[in-house]
Amino acid sequence: MVSEKRTKYPMASRKAAKPQRLKDLLVFCDRKPAGKGLCNARGLVPLLLGMLLLTACAGLPRINAVDAARASKIIKTCENAFSEGKWQFAHVIEANLPGGRDAQLIGVTELSSRPKRIHAVMMTLEGLVLFDGLFDGKLTLNRGVAPFDSIGFAEGLMEDIRFIFLKPDGEPIEAGITEDGFEVCRYRVSNDALVDVMVRPDRILEIRQYANERLIRKVVSELTPGVSPGKITFTAQEPAKYRLNLRLISAEQITN
């Protein structure tokens with residue numbers, strides 16, 4: 001059996017429901033007396049403007065082109081934001097789950113960027129293993145305690161881990177600057193899905209995934225090349241809304 005050498009790295013610092021969609025609003029106002037509540041001119045115009053602004057913010061941002069040298073530098077920055085090689089991470093996970101449920105867990109993740117391999121274990125703070133799964137081209141569920149015992153949960157977890165820690169496959173289809181001044185690399189990960197890796201001027205990393213130009217998942221963390229960030233926030237919008245706050249306990253690079 002080949003022994004593995006692990007290099008430790010320090011942790012980085014640091015009444016009736018109101019309508020939600022436009023067509024629902026029009027039906028809602030059609031049933032209300034004129035000039036009442038949201039349906040008067042003062043209420044309706046700002047609400048419509050707000051809905052349009054929210055739609056614009058949640059959509060796919062425009063990327064402004066830059067020269068070849070700047071684009072190459074941006075791509076390098078995007079690539080360096082992800083872990084390369086084999087790593088083991090341990091995190092405290094504060095989960096805000098669908099239905100308003102909260103949970104606090106320990107997550108231990110061993111992953112490899114080439115070939116892509118993920119071994120994930122989740123346990124209680126007392127050490128009880130709730131989930132143990134492996135993805136190495138195929139998914140293996142070693143252990144699962146309800147509600148963490150379904151293949152669907154395992155597939156979703158592996159996809160979330162891959163999204164958070166591993167660089168998207170392939171080369172960027174665009175690299176440039178957004179209207180907000182963010183450096184961005186855009187990857188096509190499927191026919192209807194895109195991933196933007198963005199570096200804000202304050203050196204905060206954002207990873208956003210869009211499906212049919214709708215934002216469905218986002219990661220926010222400090223940009224710490226070569227070292228795993230101390231805090232990571234992951235938010236999912238579809239198909240279920242949930243939020244994970246990860247606080248790093250340890251990060252070890254594994255070499256054979």
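The values are calculated or read from the model by the stated rules, or taken from the named source; none is laboratory data. All values derive from a computational prediction rather than experimental measurement. A quick note on method: Cβ atoms are made from the backbone with ideal geometry, for glycine too, and the neighbour counts reach across all protein chains shown.
Numbers for the structure displayed
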| read-out | value |
| --- | --- |
| Test result for residue 125, in a strand (DSSP E or B), of a type in the set (A, V, I, L, M, F, W, C) and either within 22 Å of residue 244 (Cα to Cα) or assigned by TED's automatic domain parsing to the domain that holds residue 182 (or both) | no |
| Given (1) modelled with pLDDT of 95 or more; (2) under 15 Å from the mean Cα position of the chain (by Cα); (3) farther than 20 Å from residue 89 by Cβ, number of the condition residue 239 does not satisfy | (1) |
| Extreme residue, modelled with the highest pLDDT, among residues of the range 205-231 that are more than 19 Å from residue 168 (Cβ to Cβ) and in contact with an Asp or Glu (Cβ under 8 Å, 6 or more places away or on another chain) | 231 |
| Subset of the range 95-119 (residues that are aliphatic (A, V, I, L, M), farther than 19 Å from residue 169 by Cα and surrounded by 14 or more Cβ atoms within 10 Å (Cβ to Cβ)) | 95, 97, 105, 106, 108 |
| Of residues in the range 130-167 being part of a loop (DSSP other than H, G, I, E, B) and among the basic types (Lys, Arg), the one surrounded by the fewest Cβ atoms within 10 Å (Cβ to Cβ) | 138 |
| Residue within the range 61-78 that is modelled with pLDDT under 90 and not aliphatic (A, V, I, L, M) present | no |
| Among the candidates 120, 95, 90, 71, residue that is of a type in the set (A, V, I, L, M, F, W, C) and over 19 Å from the mean Cα position of the chain (by Cα) | 71 |
